[in-house]
Amino acid sequence: MNRMDNFVYEYLVRVCFGKDCVRQHLRQLLECCGETVLLAYGGGSVRKNGIYDQIMGELKAADKSVVEFAGIMPNPTYAKVQEGATLVRENHVDFILAVGGGSVIDCCKIVAAQAKSSQDIWEMEFTDHRYPQEWVPMGAVVTASGTGAEMNNGAVITNEDKKVKADLLGAYADFALLDPASTLSLPMGQVISGAFDTLSHCMETYFGKLDHVILSDEISEAVMRNVIRNLRILTENPQDMEARSELMWASAMGENGILKIGKVTDFQAHQMEHQLGAYTDCNHGQGLAVIHPVLYRHIYENNIGRFARFACEVWGISPKGKTEQELALAGIDALTDFIKEVGLPTTLTEIGITDEGILKAVADTCNITAGCCKKLTCDEIFEILKECV
Ligand code: NZQ
Ligand code: ZN
């Protein structure tokens with residue numbers, strides 16, 4: 001493919017970013033959202049860090065009647081989606097407020113769409129290939145950044161019966177509130193895995209097709225450099241609000257569509273990680289950290305010029321005295337070193353995954369993406385996963 005595709009870019013999510021943005025904006029944003037709000041959150045972090053009380057205060061002040069939807073787990077399940085949809089229908093909910101990270105936001109996107117349809121949404125999307133046209137309106141208060149889930153209508157849901165973790169399409173949030181201070185209570189391990197997820201989203205877009213460099217790629221390079229620099233700063237000093245803010249906005253940039261303009265994205269590493277998640281419930285950013293370098297060593301020769309450019313532009317490696325291949329490999333080495341430096345795992349063993357039977361099942365059920373520079377087979381994916389151990 002040699003030409004940038006035609007595109008239409010429209011942005012549906014109103015983003016309010018920065019210190020105190022919940023206090024400054026939430027009440028007003030809720031004004032025209034009806035009377036009954038579903039307040040959705042995870043396993044309880046929002047109750048410990050005060051965000052729950054703050055939001056409840058705003059909802060009360062806005063005269064809303066509140067229905068709670070608690071306990072949305074990391075890697076949200078399809079059963080949890082159905083529980084939420086039932087709550088929305090039974091309580092005639094007018095608006096869904098998702099308060100959390102990618103898991104809570106994703107779950108709510110599909111709750112919002114399922115509540116408006118009598119058809120099972122999994123069947124609708126994966127059997128009939130039809131996608132929701134209406135949903136209960138929702139908004140997001142982001143408490144963990146990295147996924148950029150607040151910026152799009154894709155949602156990654158684990159169907160435990162089918163053993164599949166898949167991308168469904170659901171609601172767009174009408175608004176997203178991003179206060180970097182909301183992430184201060186997040187354990188550092190999650191901050192780091194979230195930031196790596198952002199880096200991964202950029203790489204998965206950057207290494208997709210087109211082969212020649214376009215504006216989207218150059219913006220991606222800037223976002224990647226930014227994530228690497230700010231994650232280094234934050235691992236040294238978790239209180240650095242500047243670095244936290246940069247990472248939160250970089251996360252949003254990774255998934256607001258701008259980097260994808262004109263590109264066919266890759267996302268092969270994501271597909272592998274998602275299926276690994278379906279079988280092991282592993283942490284998303286950690287799974288990606290293990291998979292990326294091993295996958296890239298398998299495929300770089302099919303996109304060698306781009307991998308060489310990645311080494312220079314993202315990692316600052318001098319091309320002097322190196323062949324293109326040496327340069328490309330030096331970039332992948334730099335990525336591996338960075339993963340170790342920030343304390344992310346580099347093997348599946350470190351995250352407790354060693355069972356070859358599981359890896360085989362993951363490989364056999366993993367989607368093969370069209371945007372990856374090498375079209376992999378299930379056998380190759382199995383080999384890559386075994387190397388990850
Ligand atoms: O459940 P609680 O108690 O809130 O604890 C959560 C959870 O245990 C905790 N947490 C969140 N905010 C906190 C906090 N703890 C203390 N203080 C806070 N302020 O963090 C833990 C992880 O939360 P989770 O939402 O699971 O993390 P993340 O944001 O990384 O989301 C991961 C999910 O998003 C999907 C992943 O596959 C995974 O299911 N993704 C969604 C994407 C999208 N929609 O665009 C793109 C991504 O590639 C990704 O696949
Ligand atoms: Zn991701």
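Of note:
Okay, residues lined up against (1) of a type in the set (A, V, I, L, M, F, W, C); (2) in contact (Cβ under 8 Å) with a residue 24 or more places away in the chain; (3) more than 9 Å from ligand 1 (Cβ to nearest atom):
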residue: A40; (1), (2), (3): yes, yes, yes
residue: Q54; (1), (2), (3): no, yes, yes
residue: K64; (1), (2), (3): no, yes, yes
residue: R89; (1), (2), (3): no, yes, yes
residue: G101; (1), (2), (3): no, yes, no
residue: Q119; (1), (2), (3): no, no, yes
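- Within the option set A149, A243, being open to solvent by less than 10 Å² (accessible area, probe 1.4 Å), more than 10 Å from ligand 1 (Cβ to nearest atom) and touching a residue at least 12 places away in the same chain (Cβ under 8 Å) holds for one residue only, A243.
- Some residue of region 7-24 being among the hydrophobic types (A, V, I, L, M, F, W, C), open to solvent by 30 Å² or more (accessible area, probe 1.4 Å) and within 25 Å of A243 (Cα to Cα): yes
- Single unsatisfied condition, G208 versus (1) more than 16 Å from ligand 2 (Cβ to nearest atom); (2) over 21 Å from F338 (Cα atoms): (1)
- Some residue of region 165-187 being outside any strand (DSSP E or B), within 16 Å of ligand 2 (Cβ to nearest atom), charged (D, E, K, R) and crowded, with 21+ Cβ neighbours inside 10 Å: no
- Criterion: over 20 Å from T143 (Cα atoms) and among the small types (G, A, S) - qualifying residue of S220, S251, S245, S193: S220
- Taken over region 191-212, the criterion of being hydrophobic (A, V, I, L, M, F, W, C) and at pLDDT 95 or above is satisfied by V191, I192, A195, F196, L199, C202, M203, F207.
- When V142, V156 are checked against the criterion of being within 14 Å of the chain's Cα centre (by Cα) and open to solvent by less than 10 Å² (accessible area, probe 1.4 Å), a single residue qualifies: V142.
- With a requirement of 1 or more residues that are within 16 Å of ligand 2 (Cβ to nearest atom), touching a His at 6+ places or on another chain (Cβ under 9 Å) and closer than 24 Å to V389 by Cβ, the helices (runs of 4 or more DSSP H) lying completely within region 262-340 that satisfy it span 268-280, 284-299.
- With respect to the conditions (1) in contact with a strand residue (DSSP E or B) (Cβ under 6 Å, 6 or more places away or on another chain); (2) at negative phi, E90 falls short on a single one, namely (1).
Table: residues versus (1) near ligand 1 (Cβ under 8 Å from one of its atoms); (2) under 12 Å from I105 (Cβ atoms); (3) of a type outside the set (A, V, I, L, M, F, W, C).
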residue	(1), (2), (3)
Y131	no, no, yes
E134	no, no, yes
T143	yes, yes, yes
N159	no, no, yes
L169	no, no, no
S185	yes, no, yes
Y206	no, no, yes
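- Of the helices (runs of 4 or more DSSP H) entirely within region 32-142, those holding at least 2 residues that are within 16 Å of ligand 2 (Cβ to nearest atom) occupy 102-114.
The values are calculated or read from the model by the stated rules, or taken from the named source; none is laboratory data. All values derive from a computational prediction rather than experimental measurement. Using ideal geometry, Cβ is built from the backbone for each residue, glycine included, and neighbour counts are taken over all protein chains shown. Keep in mind that these areas ignore ligands, DNA and RNA; they rest on the heavy atoms of the full protein, side chains included. Shrake-Rupley method; radii C 1.70, N 1.55, O 1.52, S 1.80 Å.
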